[in-house]
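The values are calculated or read from the model by the stated rules, or taken from the named source; none is laboratory data. All values reported here derive from a predicted model rather than from experimental measurement. Ideal geometry is used to build each Cβ from the backbone, glycine not excepted, and the neighbour counts take in all protein chains shown. With ligands, DNA and RNA removed, areas are computed over all heavy atoms of the protein, side chains included. Shrake-Rupley method; radii C 1.70, N 1.55, O 1.52, S 1.80 Å.
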Amino acid sequence: DHMVQADYVRKFKRVTHHGHVYGWGILKGPLRSDGQKQRWMQVPQKNPDGSPQQDPAGNQVMAWKIVNEKRSQPYFEVVSPWDFYCDWNAPSVWASEIHAQRHLFSHKRMLELAGQDGFFRDMILQHLVDNPNGHAPWLPWETQLREATGGSGYGDNKATKTPDRHRWEVIEWWGPITSEELTTLGLEGQIAEFGLQGDAATVEAHLWLATASASAGTLIGASLNAIPRQRHPYHFYIPIPEEGALKGTSVPTTARASQQSINAVERMLHDNMAASAGPQIEMVLERLIDADNYKSLYPYRTWLTKENRANANSPAIRFNEMNNHTAVYLAAWNHRKSKFDEETGIPSYQYGGNSPGVGRTASGLNQLMGAAGLLVKDQLYAFDEFQKSVLEALFDWEMEFNPKPEIKGDFRIQVKTTLA
(Lines give C-alpha, C1' and ligand atoms only; values in the text may rest on other atoms or scores of the structure.)
Protein backbone atom coordinates (compact mmCIF):
# COMPACT_ATOMS: atom_id res chain seq x y z
CA ASP A 1 0.00 0.00 0.00
CA HIS A 2 2.80 2.40 0.81
CA MET A 3 4.43 1.81 -2.56
CA VAL A 4 1.13 2.49 -4.32
CA GLN A 5 0.60 5.70 -2.34
CA ALA A 6 4.16 6.78 -3.16
CA ASP A 7 3.46 6.31 -6.91
CA TYR A 8 6.37 3.91 -7.04
CA VAL A 9 5.60 2.27 -10.41
CA ARG A 10 5.64 5.54 -12.35
CA LYS A 11 8.80 6.69 -10.64
CA PHE A 12 10.50 3.34 -11.23
CA LYS A 13 9.75 3.65 -14.96
CA ARG A 14 11.52 7.01 -15.02
CA VAL A 15 14.51 5.51 -13.20
CA THR A 16 14.81 2.64 -15.69
CA HIS A 17 14.49 5.12 -18.55
CA HIS A 18 17.42 7.10 -17.14
CA GLY A 19 19.37 3.85 -16.74
CA HIS A 20 18.94 2.87 -20.38
CA VAL A 21 19.61 6.36 -21.76
CA TYR A 22 22.36 7.64 -19.43
CA GLY A 23 23.83 4.43 -18.01
CA TRP A 24 22.39 4.81 -14.54
CA GLY A 25 19.09 5.65 -12.90
CA ILE A 26 18.82 6.96 -9.35
CA LEU A 27 15.92 6.64 -6.91
CA LYS A 28 15.92 8.38 -3.54
CA GLY A 29 13.99 7.01 -0.59
CA PRO A 30 12.14 5.90 1.30
CA LEU A 31 12.13 9.06 3.39
CA ARG A 32 9.55 9.99 5.98
CA SER A 33 6.70 12.34 5.19
CA ASP A 34 4.35 13.49 7.96
CA GLY A 35 1.01 14.45 6.55
CA GLN A 36 -2.74 14.29 7.03
CA LYS A 37 -4.88 11.41 5.91
CA GLN A 38 -8.65 11.69 5.61
CA ARG A 39 -10.86 8.73 6.44
CA TRP A 40 -14.54 8.11 7.20
CA MET A 41 -15.21 7.18 10.85
CA GLN A 42 -18.15 6.92 13.19
CA VAL A 43 -17.90 9.87 15.58
CA PRO A 44 -19.96 10.22 18.82
CA GLN A 45 -22.42 13.09 18.61
CA LYS A 46 -22.74 15.65 21.42
CA ASN A 47 -25.46 18.01 22.55
CA PRO A 48 -24.96 21.80 22.50
CA ASP A 49 -23.99 21.67 26.19
CA GLY A 50 -21.25 19.10 25.42
CA SER A 51 -23.02 16.09 26.91
CA PRO A 52 -23.26 12.82 24.89
CA GLN A 53 -26.23 12.71 22.56
CA GLN A 54 -28.39 9.65 23.10
CA ASP A 55 -31.33 8.13 21.27
CA PRO A 56 -34.65 7.29 23.04
CA ALA A 57 -33.25 3.85 23.94
CA GLY A 58 -30.32 5.47 25.74
CA ASN A 59 -27.68 4.50 23.16
CA GLN A 60 -24.95 6.84 22.08
CA VAL A 61 -25.76 8.52 18.77
CA MET A 62 -22.99 7.98 16.16
CA ALA A 63 -22.53 9.70 12.81
CA TRP A 64 -20.19 9.06 9.88
CA LYS A 65 -17.80 11.96 9.30
CA ILE A 66 -14.47 12.62 7.58
CA VAL A 67 -11.69 12.73 10.17
CA ASN A 68 -8.15 14.01 9.56
CA GLU A 69 -5.46 11.78 11.00
CA LYS A 70 -1.78 12.56 11.25
CA ARG A 71 0.10 9.76 9.59
CA SER A 72 3.69 9.13 8.52
CA GLN A 73 4.26 7.49 5.17
CA PRO A 74 7.31 6.89 2.99
CA TYR A 75 7.96 8.79 -0.20
CA PHE A 76 10.34 8.29 -3.11
CA GLU A 77 11.99 10.80 -5.40
CA VAL A 78 13.51 10.35 -8.85
CA VAL A 79 16.96 11.95 -8.94
CA SER A 80 18.19 13.30 -12.25
CA PRO A 81 21.59 11.82 -13.19
CA TRP A 82 22.63 15.36 -14.08
CA ASP A 83 22.09 16.56 -10.49
CA PHE A 84 23.90 13.74 -8.69
CA TYR A 85 27.51 13.74 -7.51
CA CYS A 86 29.72 11.26 -5.66
CA ASP A 87 33.36 10.28 -5.16
CA TRP A 88 34.49 9.73 -8.74
CA ASN A 89 37.62 7.91 -7.50
CA ALA A 90 35.56 5.16 -5.87
CA PRO A 91 35.55 1.73 -7.57
CA SER A 92 31.75 1.80 -7.83
CA VAL A 93 28.90 4.14 -7.06
CA TRP A 94 27.88 1.87 -4.16
CA ALA A 95 31.39 2.12 -2.65
CA SER A 96 31.40 5.92 -2.69
CA GLU A 97 31.38 7.30 0.86
CA ILE A 98 29.92 10.60 -0.32
CA HIS A 99 26.68 11.17 -2.20
CA ALA A 100 25.43 14.65 -3.04
CA GLN A 101 22.37 15.98 -4.82
CA ARG A 102 21.77 19.38 -6.38
CA HIS A 103 18.40 21.05 -5.78
CA LEU A 104 16.85 24.20 -7.25
CA PHE A 105 14.40 25.52 -4.66
CA SER A 106 11.87 28.31 -4.93
CA HIS A 107 11.50 31.04 -2.31
CA LYS A 108 8.48 29.23 -0.84
CA ARG A 109 10.40 25.98 -0.56
CA MET A 110 13.31 27.74 1.19
CA LEU A 111 10.89 29.14 3.78
CA GLU A 112 9.44 25.66 4.29
CA LEU A 113 12.94 24.36 5.06
CA ALA A 114 13.32 27.08 7.67
CA GLY A 115 10.46 25.57 9.63
CA GLN A 116 11.67 21.95 9.57
CA ASP A 117 13.78 20.08 12.09
CA GLY A 118 17.46 19.85 11.29
CA PHE A 119 17.59 23.21 9.53
CA PHE A 120 18.96 26.51 10.83
CA ARG A 121 16.16 29.03 10.52
CA ASP A 122 18.30 32.13 11.05
CA MET A 123 20.90 30.99 8.50
CA ILE A 124 18.23 30.36 5.86
CA LEU A 125 16.53 33.71 6.38
CA GLN A 126 19.88 35.52 6.28
CA HIS A 127 20.81 33.68 3.09
CA LEU A 128 17.55 34.83 1.49
CA VAL A 129 18.32 38.42 2.52
CA ASP A 130 21.87 38.22 1.13
CA ASN A 131 20.69 36.59 -2.11
CA PRO A 132 17.27 38.11 -2.81
CA ASN A 133 17.20 36.83 -6.40
CA GLY A 134 18.70 33.46 -5.60
CA HIS A 135 21.85 31.82 -6.89
CA ALA A 136 21.31 29.12 -9.48
CA PRO A 137 23.75 29.51 -12.39
CA TRP A 138 23.02 27.82 -15.69
CA LEU A 139 25.29 24.80 -15.90
CA PRO A 140 26.63 23.71 -19.32
CA TRP A 141 24.45 20.60 -19.47
CA GLU A 142 21.33 22.67 -18.72
CA THR A 143 22.11 25.01 -21.62
CA GLN A 144 22.69 22.09 -23.99
CA LEU A 145 19.44 20.39 -23.00
CA ARG A 146 17.48 23.61 -23.53
CA GLU A 147 19.03 24.07 -26.96
CA ALA A 148 18.28 20.46 -27.86
CA THR A 149 14.61 20.92 -26.93
CA GLY A 150 14.20 24.29 -28.62
CA GLY A 151 14.86 26.65 -25.74
CA SER A 152 12.04 26.37 -23.24
CA GLY A 153 10.78 23.11 -24.66
CA TYR A 154 8.09 24.75 -26.81
CA GLY A 155 9.01 25.15 -30.46
CA ASP A 156 11.96 27.38 -31.26
CA ASN A 157 11.56 29.77 -28.33
CA LYS A 158 15.13 30.18 -27.08
CA ALA A 159 14.71 33.68 -25.67
CA THR A 160 13.36 32.63 -22.29
CA LYS A 161 16.75 31.80 -20.73
CA THR A 162 17.50 34.58 -18.25
CA PRO A 163 20.51 34.87 -15.92
CA ASP A 164 18.16 35.30 -12.93
CA ARG A 165 15.97 32.24 -12.48
CA HIS A 166 14.81 33.30 -9.02
CA ARG A 167 15.87 29.91 -7.71
CA TRP A 168 18.21 29.00 -4.88
CA GLU A 169 20.78 26.25 -5.46
CA VAL A 170 21.04 23.89 -2.48
CA ILE A 171 23.41 20.93 -2.21
CA GLU A 172 22.23 17.96 -0.13
CA TRP A 173 25.24 16.03 1.17
CA TRP A 174 25.42 12.56 2.73
CA GLY A 175 28.69 11.22 4.10
CA PRO A 176 31.18 11.00 6.98
CA ILE A 177 32.24 14.10 8.87
CA THR A 178 34.69 14.64 11.74
CA SER A 179 34.38 16.76 14.85
CA GLU A 180 37.16 18.98 13.50
CA GLU A 181 35.14 19.66 10.37
CA LEU A 182 32.07 20.41 12.47
CA THR A 183 34.12 22.94 14.42
CA THR A 184 35.32 24.53 11.17
CA LEU A 185 31.70 24.86 10.09
CA GLY A 186 30.85 26.58 13.35
CA LEU A 187 28.83 23.66 14.71
CA GLU A 188 30.57 23.12 18.04
CA GLY A 189 27.18 22.57 19.63
CA GLN A 190 26.55 19.56 17.41
CA ILE A 191 29.73 17.74 18.48
CA ALA A 192 28.25 16.49 21.75
CA GLU A 193 24.89 15.89 20.12
CA PHE A 194 26.48 13.74 17.43
CA GLY A 195 28.44 11.79 20.03
CA LEU A 196 31.87 12.70 18.68
CA GLN A 197 34.96 12.39 20.81
CA GLY A 198 38.31 13.59 19.53
CA ASP A 199 39.27 15.16 16.23
CA ALA A 200 39.58 11.80 14.46
CA ALA A 201 36.06 10.63 15.30
CA THR A 202 33.69 10.49 12.36
CA VAL A 203 29.96 10.13 12.05
CA GLU A 204 27.56 9.79 9.15
CA ALA A 205 25.97 13.20 8.65
CA HIS A 206 23.31 14.78 6.48
CA LEU A 207 24.18 18.36 5.53
CA TRP A 208 22.51 21.06 3.43
CA LEU A 209 24.52 23.83 1.76
CA ALA A 210 22.96 26.84 0.02
CA THR A 211 25.45 28.16 -2.53
CA ALA A 212 26.15 31.86 -2.89
CA SER A 213 28.87 31.66 -5.54
CA ALA A 214 31.01 29.09 -7.32
CA SER A 215 33.23 28.74 -4.24
CA ALA A 216 31.13 29.85 -1.25
CA GLY A 217 27.90 28.98 0.46
CA THR A 218 25.95 28.85 3.69
CA LEU A 219 25.35 25.75 5.78
CA ILE A 220 21.59 25.79 6.35
CA GLY A 221 21.03 22.33 7.83
CA ALA A 222 22.89 19.55 9.64
CA SER A 223 21.79 16.36 11.32
CA LEU A 224 22.82 12.80 11.95
CA ASN A 225 22.16 10.18 9.33
CA ALA A 226 19.17 8.60 11.07
CA ILE A 227 18.58 5.95 8.40
CA PRO A 228 18.98 2.40 9.78
CA ARG A 229 22.44 0.90 9.14
CA GLN A 230 23.47 4.49 8.29
CA ARG A 231 22.95 3.79 4.63
CA HIS A 232 22.41 6.58 2.14
CA PRO A 233 18.90 6.94 0.69
CA TYR A 234 20.01 6.46 -2.93
CA HIS A 235 19.43 3.35 -5.00
CA PHE A 236 21.05 2.81 -8.40
CA TYR A 237 19.79 1.02 -11.47
CA ILE A 238 22.75 0.23 -13.74
CA PRO A 239 21.59 -2.15 -16.50
CA ILE A 240 24.96 -2.41 -18.31
CA PRO A 241 27.88 -2.14 -15.85
CA GLU A 242 31.12 -0.87 -17.32
CA GLU A 243 34.49 -2.01 -16.05
CA GLY A 244 36.43 0.71 -14.24
CA ALA A 245 33.56 3.23 -14.30
CA LEU A 246 31.19 4.42 -11.60
CA LYS A 247 28.15 4.30 -13.84
CA GLY A 248 27.36 1.87 -16.61
CA THR A 249 27.17 2.34 -20.32
CA SER A 250 23.91 3.11 -22.08
CA VAL A 251 22.06 1.80 -25.10
CA PRO A 252 22.74 5.00 -27.13
CA THR A 253 26.45 4.73 -26.32
CA THR A 254 26.58 1.04 -27.24
CA ALA A 255 24.95 1.66 -30.61
CA ARG A 256 26.58 5.02 -31.31
CA ALA A 257 28.50 3.86 -34.40
CA SER A 258 25.41 2.30 -35.95
CA GLN A 259 23.36 5.40 -35.14
CA GLN A 260 25.87 7.64 -36.92
CA SER A 261 25.98 5.33 -39.95
CA ILE A 262 22.19 5.11 -40.16
CA ASN A 263 21.91 8.91 -39.92
CA ALA A 264 24.53 9.37 -42.65
CA VAL A 265 22.80 6.89 -44.98
CA GLU A 266 19.45 8.55 -44.27
CA ARG A 267 20.82 11.95 -45.25
CA MET A 268 22.38 10.58 -48.45
CA LEU A 269 19.13 8.80 -49.30
CA HIS A 270 17.07 11.99 -49.00
CA ASP A 271 19.64 14.10 -50.83
CA ASN A 272 19.73 11.63 -53.72
CA MET A 273 15.95 11.32 -53.86
CA ALA A 274 15.61 15.10 -53.93
CA ALA A 275 18.22 15.48 -56.69
CA SER A 276 16.71 12.71 -58.79
CA ALA A 277 13.07 13.68 -58.25
CA GLY A 278 13.05 15.48 -61.61
CA PRO A 279 15.34 16.08 -64.59
CA GLN A 280 18.14 18.61 -64.82
CA ILE A 281 17.18 21.04 -67.59
CA GLU A 282 19.78 22.35 -70.05
CA MET A 283 18.80 25.39 -72.18
CA VAL A 284 20.48 27.40 -74.91
CA LEU A 285 19.15 30.85 -74.10
CA GLU A 286 20.32 32.33 -77.42
CA ARG A 287 17.84 30.11 -79.23
CA LEU A 288 14.84 30.91 -77.01
CA ILE A 289 12.57 33.67 -78.21
CA ASP A 290 11.08 34.20 -74.72
CA ALA A 291 14.42 33.87 -72.91
CA ASP A 292 13.44 36.11 -69.98
CA ASN A 293 10.75 33.68 -68.82
CA TYR A 294 12.74 30.45 -69.07
CA LYS A 295 12.19 29.43 -65.42
CA SER A 296 8.43 29.16 -65.82
CA LEU A 297 7.66 25.45 -66.32
CA TYR A 298 4.15 24.04 -66.66
CA PRO A 299 2.45 21.26 -68.65
CA TYR A 300 1.96 21.74 -72.39
CA ARG A 301 3.98 24.90 -72.56
CA THR A 302 5.05 25.90 -76.07
CA TRP A 303 8.69 26.99 -76.56
CA LEU A 304 9.47 29.18 -79.54
CA THR A 305 13.08 28.74 -80.66
CA LYS A 306 15.36 30.21 -83.25
CA GLU A 307 16.92 28.15 -86.01
CA ASN A 308 20.34 26.66 -85.29
CA ARG A 309 22.18 26.66 -88.59
CA ALA A 310 25.46 25.44 -87.10
CA ASN A 311 23.98 22.25 -85.60
CA ALA A 312 20.43 21.58 -86.72
CA ASN A 313 20.17 18.39 -84.64
CA SER A 314 21.01 20.13 -81.32
CA PRO A 315 17.80 20.99 -79.37
CA ALA A 316 17.39 24.29 -77.57
CA ILE A 317 16.12 22.49 -74.44
CA ARG A 318 17.58 19.20 -73.17
CA PHE A 319 16.49 17.13 -70.15
CA ASN A 320 19.12 15.13 -68.23
CA GLU A 321 17.96 12.48 -65.76
CA MET A 322 19.97 12.04 -62.51
CA ASN A 323 20.80 8.53 -61.34
CA ASN A 324 18.64 7.30 -58.47
CA HIS A 325 20.45 5.11 -55.90
CA THR A 326 17.55 4.52 -53.51
CA ALA A 327 17.92 0.73 -53.62
CA VAL A 328 21.61 0.95 -52.75
CA TYR A 329 21.03 3.28 -49.82
CA LEU A 330 18.15 1.18 -48.48
CA ALA A 331 20.35 -1.92 -48.57
CA ALA A 332 23.04 -0.05 -46.61
CA TRP A 333 20.40 1.21 -44.18
CA ASN A 334 19.06 -2.30 -43.52
CA HIS A 335 22.61 -3.61 -43.06
CA ARG A 336 23.34 -1.05 -40.35
CA LYS A 337 19.91 -1.72 -38.81
CA SER A 338 20.79 -5.40 -38.39
CA LYS A 339 24.09 -4.38 -36.79
CA PHE A 340 22.14 -2.10 -34.45
CA ASP A 341 20.03 -5.09 -33.35
CA GLU A 342 23.17 -7.14 -32.68
CA GLU A 343 24.92 -4.38 -30.74
CA THR A 344 21.99 -3.55 -28.49
CA GLY A 345 20.78 -7.13 -28.11
CA ILE A 346 17.23 -5.93 -28.86
CA PRO A 347 16.09 -7.51 -32.16
CA SER A 348 13.39 -5.56 -33.96
CA TYR A 349 10.94 -8.47 -33.94
CA GLN A 350 10.98 -8.32 -30.13
CA TYR A 351 9.22 -4.94 -30.16
CA GLY A 352 6.90 -5.55 -33.11
CA GLY A 353 9.12 -5.47 -36.21
CA ASN A 354 9.06 -8.02 -39.00
CA SER A 355 10.50 -11.33 -37.83
CA PRO A 356 12.77 -13.52 -39.99
CA GLY A 357 11.41 -16.50 -41.89
CA VAL A 358 11.60 -18.87 -38.94
CA GLY A 359 9.27 -16.55 -37.03
CA ARG A 360 6.35 -17.07 -39.38
CA THR A 361 5.01 -19.90 -37.23
CA ALA A 362 4.04 -19.85 -33.56
CA SER A 363 6.78 -22.29 -32.54
CA GLY A 364 9.40 -20.51 -34.62
CA LEU A 365 8.54 -17.12 -33.15
CA ASN A 366 8.60 -18.66 -29.67
CA GLN A 367 12.17 -19.86 -30.30
CA LEU A 368 13.21 -16.41 -31.48
CA MET A 369 11.69 -14.70 -28.45
CA GLY A 370 13.34 -17.23 -26.16
CA ALA A 371 16.75 -16.55 -27.67
CA ALA A 372 16.23 -12.80 -27.35
CA GLY A 373 15.10 -13.30 -23.77
CA LEU A 374 18.52 -14.66 -22.82
CA LEU A 375 19.96 -11.16 -23.23
CA VAL A 376 17.02 -9.62 -21.41
CA LYS A 377 17.69 -11.86 -18.41
CA ASP A 378 21.11 -10.26 -18.05
CA GLN A 379 19.37 -6.92 -17.64
CA LEU A 380 17.02 -8.41 -15.07
CA TYR A 381 19.96 -9.07 -12.75
CA ALA A 382 20.41 -5.30 -12.52
CA PHE A 383 16.65 -5.01 -11.98
CA ASP A 384 16.88 -7.48 -9.08
CA GLU A 385 19.79 -5.68 -7.43
CA PHE A 386 17.98 -2.37 -7.62
CA GLN A 387 14.68 -3.72 -6.29
CA LYS A 388 16.39 -5.57 -3.45
CA SER A 389 18.11 -2.36 -2.35
CA VAL A 390 14.82 -0.44 -2.42
CA LEU A 391 12.81 -3.14 -0.63
CA GLU A 392 15.42 -3.58 2.11
CA ALA A 393 15.31 0.15 2.79
CA LEU A 394 11.51 0.15 2.71
CA PHE A 395 11.40 -2.82 5.10
CA ASP A 396 13.62 -0.95 7.57
CA TRP A 397 11.30 2.06 7.25
CA GLU A 398 8.24 -0.06 8.04
CA MET A 399 9.94 -1.63 11.06
CA GLU A 400 10.80 1.82 12.41
CA PHE A 401 7.72 3.90 11.64
CA ASN A 402 4.77 1.62 10.88
CA PRO A 403 2.42 1.53 13.90
CA LYS A 404 1.13 -1.99 13.18
CA PRO A 405 2.73 -4.42 15.68
CA GLU A 406 1.67 -7.52 13.74
CA ILE A 407 4.08 -6.78 10.86
CA LYS A 408 7.17 -6.39 13.04
CA GLY A 409 9.75 -9.10 12.73
CA ASP A 410 12.97 -10.27 11.14
CA PHE A 411 12.86 -10.92 7.42
CA ARG A 412 15.26 -11.27 4.52
CA ILE A 413 14.41 -9.70 1.18
CA GLN A 414 14.73 -11.91 -1.91
CA VAL A 415 13.90 -10.68 -5.41
CA LYS A 416 13.33 -13.56 -7.81
CA THR A 417 12.69 -11.84 -11.12
CA THR A 418 15.40 -13.72 -13.00
CA LEU A 419 14.19 -17.05 -11.61
CA ALA A 420 10.68 -16.29 -12.84
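Figures for the structure shown
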read-out	value
Cα centroid separation - region 227-268 against region 78-126, whole Å	24 Å
GLU398/LEU330 FRET efficiency (R0 45 Å; Cβ-Cβ; nearest 0.05)	0.20
About the Cα centre, charge dipole magnitude for region 267-334 (Lys/Arg +1, Asp/Glu -1 at Cβ), debye	40 debye
FRET efficiency, VAL21 to ALA257 (Cβ-Cβ, R0 22 Å, nearest 0.05)	0.80
Positive dipole terminus of the chain, leading residue within TRP333, TRP88, LEU209 (C-beta point charges)	TRP333
Area accessible to solvent at LEU125, 1.4 Å probe radius, in Å²	60 Å²
Convex hull of Cα atoms in region 381-420, direction-averaged projection (nm²)	3.1 nm²
The chain: DSSP helices with Cα axial extent of at least 30 Å and average Kyte-Doolittle hydropathy no lower than -0.5	362-401
Cα-based shape type of region 233-303, given that a ≥ b ≥ c are square roots of the gyration tensor eigenvalues and the cut on a/c is 1.5	prolate
Per residue accessible area in Å² of region 220-294, where ligands, DNA and RNA are left out and the probe is 1.4 Å	56 Å²
Overall dimensions of region 198-245 by Cα: Rg and Dmax, Å	15.9, 43
Top of HIS335, HIS99, HIS206 by mean-square fluctuation, Gaussian network on the chain, Cα under 10 Å	HIS335
Inter-site label distance for TRP141 and ALA214 at 7 Å from Cα along Cβ, in nm	1.8 nm
Sulfur and carbon atoms: percent of accessible area, the chain [1.4 Å]	53 percent
Choice from GLN101, GLN260, GLN53 showing the highest fluctuation, given a GNM over the chain with Cα pairs closer than 10 Å	GLN53
Under-5 Å amide H pairs with SER33, H placed in peptide plane, nonlocal only	GLN73, TYR75
Accessible surface of GLU180 - all protein chains present, 1.4 Å probe, nearest 10 Å²	110 Å²
Under Karplus coefficients 6.51, -1.76 and 1.60, residue-wise ³J(HN,Hα) of region 204-213 in Hz, glycine/proline x	6, 10, 10, 10, 10, 10, 8, 7, 10, 7
Estimated distance in nm for a label pair at ILE66 and ASP384, the labels positioned 7 Å out from Cα along Cα-to-Cβ	4.6 nm
Segment LYS13-MET268, length gained on full extension (0.36 nm per residue, minus Cα span)	88.2 nm
Long-range amide H partners of THR218 with built H, under 5 Å	ALA210, THR211, ALA212
Residues whose placed amide H lies under 5 Å from that of ASP87, excluding near-sequence neighbours	GLU97, ILE98
Relative counts (whole %) of C-alpha pair distances in the chain, using bins that are 20 Å wide	16, 37, 26, 14, 6, 1, 0
Extension gain (nm, one decimal) between ALA275 and ILE171, 0.36 nm per residue minus Cα-Cα	31.9 nm
Label point distance in nm, THR344-ASN59, each placed 7 Å from Cα along Cα→Cβ	6.6 nm
Nearest-20 debye value, the chain charge dipole, Cβ charges on Lys, Arg, Asp, Glu	1720 debye
Longest exposed-site-free window of the chain, the sites being trypsin sites (Lys or Arg not before Pro) in a DSSP loop that have at most 14 other C-beta atoms within 10 Å	1-157
